[in-house]
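These notes concern the structure reproduced below.
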Protein chains: 2
Amino acid sequence: MLSEFDLIKQYFTRRDRIDASGRTVLGVGDDCALLAPTPGMQLAVSSDMLVEGRHFLAGADPFALGHKSLAVNLSDLAAMGAAPLGFTLALALPGAEPAWLDGFSRGLFALADLHACELVGGDTTKGPLNICITVFGELAPGTALRRDAARAGDDLWISGTLGDARLALADALGELALGDADRQVAAPRLHAPTPRVALGRLLAEGRLAHAALDISDGLVGDLGHILTASKVGAVLDVDALPAGPALLRQSPELRRRFTAAGGDDYELCFTAPAENRAAILAAGTQSGTPVTRVGRIEATPGLRLVDADGAPLELKLRGWDHFA
Amino acid sequence: MLSEFDLIKQYFTRRDRIDASGRTVLGVGDDCALLAPTPGMQLAVSSDMLVEGRHFLAGADPFALGHKSLAVNLSDLAAMGAAPLGFTLALALPGAEPAWLDGFSRGLFALADLHACELVGGDTTKGPLNICITVFGELAPGTALRRDAARAGDDLWISGTLGDARLALADALGELALGDADRQVAAPRLHAPTPRVALGRLLAEGRLAHAALDISDGLVGDLGHILTASKVGAVLDVDALPAGPALLRQSPELRRRFTAAGGDDYELCFTAPAENRAAILAAGTQSGTPVTRVGRIEATPGLRLVDADGAPLELKLRGWDHFA
C-alpha cells in the first residue's frame, strides 16, 4: 500500500515541470503554496466538490474524472472571464489504488497543461471518494462578468451546444437507449466537458458582455440566478437553443427539455448589448466556440419561455437542487 | 427540507458584513469570488479536507467542528507566516440539518472574525460528511517560513504546549480515563485548536526564523519534513518539550510519547539562528504564545532524540499516515 507521502510524490508532484510564467513561487510540499499574482489584478477563486454517486457514477473512468474535476472549476473561471493561475486538489480516497491514481492524475494534468494552470498544493486523506478542487485565476479590475450585471435590452447568448450531457446521462441511467454513434458523440459531453476559458476571457477583456455564468444545473435554473441578481427578466426562445448533435436526433419535446433544463452542460450563458453582436461572433470564431443568440433581457421580472413563433411555452422544468 | 440555495443564504451568507479592508470585491453567490490582493505581495494558499470518522468522530459538536475546520487551515498560514485574507468552504452533508448548520457556521465565523478572514465562496452538496476549506493569505516576497530553509546551527523551537490533544483523544477512545478537571483542560486542545497566526506573522515579518511548519501529525514525523527538505539533521531534547497541563500529570513515559508524537497539536515548530533568541521570546510575549527551545539543527542528517541529560533516547514513535 502506498503511503500518503509516496502517493503525493508519485502522482501529484512533477519535479520536471518548470513554471515558465514564474507565478508559482512554491508548489506542492510545504504548509502553503506561494503564488505571485500580477500586481493590480484581481484574484478570482472558486471551489467545487465532486462526490461519488452524486456528481459521477461509481466506477467512473478515472482519466475522465480527473479531467472533469478540473473542468468544472475552470468553467467557473471562464464564466467570470478570468485567466487561470493554478489550483489546489483535496482528495478523499477509499484506498490508494495505483491504476485509479494514474488515470485520474493523467486526466487532471492533461487539462491543466492545456490551460497552463498548475497544481500548487492540496491534501489527501482516506474516506469516501470526494474530489475538491479550488481554482485561482486573475482578471483586470472592473472586467469580471458578474451575475448581477445584466441590463434590460441585452441579448441573451449561449456558447456551444446544450443537452448532449443530459442525453448521455439518460442513456447511462437507462431512461433511454442511444445507438453507438450517438453515445460516442454524447458521452464525452457528460464525462469530459470543455471549459470555455478562451471565450470567457475574450468577453471580459474586450468588455463585450455584461453578465455571465456557466450552465451546470440546467439553463433555466441557472439563468434564474442572473435574473434575480440583476433584478431583470428575460424572454428565452427555447427553439433557438443550440442542441447537441446527438440530441438533435431526438424528439422535439426531449430536445426542448434537455436544452432548457438538462444539466452538466458547462457552456456559458451571457448577456450583452446588441451593438456588440459582431464582436461577440468574432470572439466565438477566435476562441473556436460557437455562440448563439437565444433571447433578450427585459425590465419585467420573470423568465418567459417562447417557441420559434414567439408563442408562450409552458414547460415543466426545474434546476437541480442537491438537497431537494 | 432546506434547499441548497436557502442553506447557503441562511447559514453562509452574511449580508450585514462589510469588508472594511476592501479586499473582498465580490463574495458568496457568483461563479467565483473576487479578491484584491495587496500589489506586490505573494499569495499563500492551503487546502485541508476533514472527513468524519477520520479527522473527527461521528456526532462531534458542530460548533467545535466549524472552529477546527478553519483552525487547521489558518494554522498552515501561520506556519508560513502569512496574514489571512479569506477562505472558501466546500461541504458535503448527508442532509441539511438546521441545528448542525447553525452550530457549524457559528463556530466557523467566530474564528474567521477573530482573524478578519472572510468566507468568500464555496460549494455545498449531498454526500458523506466532508469539510474542505481552502484558505488564502498574503506575505511579502522573501519572508515565507519555508520547510527547506533550516540551517545547521539553528535553534529548534516549539510554540505553546504539546500532547494534550492526543491525551484528549486517548480519553475519548477509552485508551485511558481522565478525571473531569483534566478532561476540561485537554478536550479543547483536540476540538478547538488555536492557530498561531500572530506568532507566525511576527516570525516572518521580523525575519526571525528560517524554517517552520505546523505540527499536525506528531512532532517527530513533522520535524522530519523540515530535515528532509532542508537536508539537515537535528538533536531533539524530548524532556524539554513543553507538555500541556493535563499531560503534565501523566507518567513521564506517556508525556514523552504524546509530546514527541501526539498529533493534532497545531503548534508551530520552527528553526532560527541563535542570535534571534531574545527577539523570538519577545515575539512570543507580544503574540501571547509561549515559545520553548527544544533542540538544534545539525549538518549530520537524521533526528537524534536525547533525554534531559543529553543521553540518546530510543522511542518507538511514528507520524500519522492516512494510508498506512
Subset of segment A:58-71 (residues that are within 14 Å of chain B (Cβ to nearest Cβ) and surrounded by fewer than 24 Cβ atoms within 10 Å (Cβ to Cβ)): A:Ala58
Test: residue in segment B:100-108 that is in contact with a Gly (Cβ under 6 Å, 6 or more places away or on another chain), more than 7 Å from every other protein chain (Cβ to nearest Cβ) and assigned to a strand (DSSP E or B): no
Failed condition for B:Asp164, given (1) more than 16 Å from the chain's Cα centre (by Cα); (2) among the charged types (D, E, K, R); (3) away from chain A (no Cβ under 14 Å): (1)
Unmet criterion (only one of (1) crowded, with 19+ Cβ neighbours inside 10 Å; (2) in contact with a Pro (Cβ under 8 Å, 6 or more places away or on another chain); (3) farther than 20 Å from A:Arg146 by Cα) for A:Tyr266: (3)
Candidate set from segment B:115-148 (those that are small (Gly, Ala, Ser) and touching a residue at least 40 places away in the same chain (Cβ under 8 Å)); member that is farthest from the other protein chains (Cβ to nearest Cβ): B:Ala116
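For (1) surrounded by fewer than 20 Cβ atoms within 10 Å (Cβ to Cβ); (2) more than 23 Å from A:Val45 (Cβ to Cβ), each residue gets a yes or a no:
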{"position": "A:Ala78", "(1), (2)": "no, no"}
{"position": "A:Leu93", "(1), (2)": "no, yes"}
{"position": "A:His115", "(1), (2)": "no, no"}
{"position": "A:Asn130", "(1), (2)": "no, no"}
{"position": "A:Val135", "(1), (2)": "no, no"}
{"position": "A:Arg151", "(1), (2)": "yes, yes"}
Some residue of segment A:290-298 being within 14 Å of chain B (Cβ to nearest Cβ), in contact (Cβ under 8 Å) with a residue 40 or more places away in the chain and crowded, with 20+ Cβ neighbours inside 10 Å: no
Filtered residue count, segment B:153-184, keeping only those that are surrounded by fewer than 22 Cβ atoms within 10 Å (Cβ to Cβ), over 23 Å from B:Arg54 (Cα atoms) and among the aliphatic types (A, V, I, L, M): 1
Among the candidates A:Ala78, A:Ala112, residue that is farther than 16 Å from A:His191 by Cβ, within 12 Å of chain B (Cβ to nearest Cβ), in a helix (DSSP H, G or I) and touching a Leu at 6+ places or on another chain (Cβ under 8 Å): A:Ala78
Residue that is nearest to B:Leu89 (Cα to Cα), among those in segment A:119-128 that are surrounded by fewer than 24 Cβ atoms within 10 Å (Cβ to Cβ) and either among the basic types (Lys, Arg) or out of contact with any Lys or Arg (no Cβ under 7 Å at 6 or more places or on another chain) (or both): A:Thr124
Test: residue in segment B:192-214 that is within 14 Å of chain A (Cβ to nearest Cβ), buried (at least 24 other Cβ atoms within 10 Å of the Cβ), free of Cβ contacts under 8 Å to residues at least 40 places away in the same chain and of a type in the set (Asp, Glu): no
Subset tally (residues that are acidic (Asp, Glu) and part of a loop (DSSP other than H, G, I, E, B)) for segment B:23-52: 2
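Computed from the coordinates by the stated procedures, all read-outs in this text should not be read as laboratory data. Here the structure is a predicted model, which means the values were calculated and not measured. Here Cβ is always computed from backbone atoms with ideal geometry, including for glycine, and neighbour counts include all displayed protein chains.
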